[in-house]
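For reference, the structure is listed below as structure tokens.
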Amino acid sequence: MTTFNDRELGYEAKFAHEQDIIFKATARRNKLIAHWAADKLGFVEDEAAKYADAMVRSSLKVSDDDDVVHRILEDFRNHDMPWSEHRIRQKLSHFMSIALGEVSASA
């Protein structure tokens, strides 16, 4: 019976580790896309850092990709930048790949 318990504990630890990596990668992804968006919006260093920090903070409260995408779309539209939701989602996916690589490498 201890083998089964050990296996169950192993699966639980693996699941917890994977969830931790996903959480960290999502936060990193949001920071990367926020810096990218800030650059597109023409923000300088301090403005870009504040924009990225605000994006990460707000995404920690609601971990929904739609919120990140719609915020960037709204900011782009306010600056007369014609980006589609599809293109923003592609960027989000691209930055998630980068973030997963960075987080996995440091774990």
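Tabulated data for the structure shown
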| quantity | calculated |
| --- | --- |
| The chain: most fluctuating residue of Asp66, Asp46, Asp75 per GNM, C-alpha cutoff 10 Å | Asp46 |
| Mean residue ellipticity (222 nm) of the chain, computed from DSSP H runs ≥ 4 via -39,500 (n - 2.57), nearest 500 | -30000 deg cm²/dmol |
| Pairwise centroid distance, computed over Cα atoms, of the range 2-32 with the range 66-107, Å | 24 Å |
| For the chain: accessible area per residue (Å², 1.4 Å) | 67 Å² |
| Cα gyration tensor shape of the range 51-96, rounded if a/c is under 1.5, else prolate or oblate by comparing a/b with b/c | oblate |
| Options (i) 14.9; (ii) 14.4; (iii) 15.2 - which one matches Kirkwood radius over Cα pairs in Å as calculated here | (iii) |
| Accessible area of the chain belonging to carbon and sulfur atoms, whole % at 1.4 Å probe | 54 percent |
| Cβ-derived FRET efficiency at R0 25 Å, Ala16 paired with Asp39, nearest 0.05 | 0.10 |
| Signed unit charges on C-beta, dipole axis of the chain, positive-most listed residue Phe23, His86, Val103 | His86 |
| Dipole magnitude of the range 1-95, debye to nearest 20 (Cβ charges: Lys/Arg +1, Asp/Glu -1, about Cα centre) | 180 debye |
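The values are calculated or read from the model by the stated rules, or taken from the named source; none is laboratory data. Everything quoted here is computed from the prediction, not taken from an experiment. Counting neighbours? That spans all protein chains shown, and the Cβs are built from the backbone with ideal geometry, glycine included. Side chains are part of the model used for accessible areas, which takes the heavy atoms of the whole protein and leaves out ligands, DNA and RNA. Shrake-Rupley method; radii C 1.70, N 1.55, O 1.52, S 1.80 Å.
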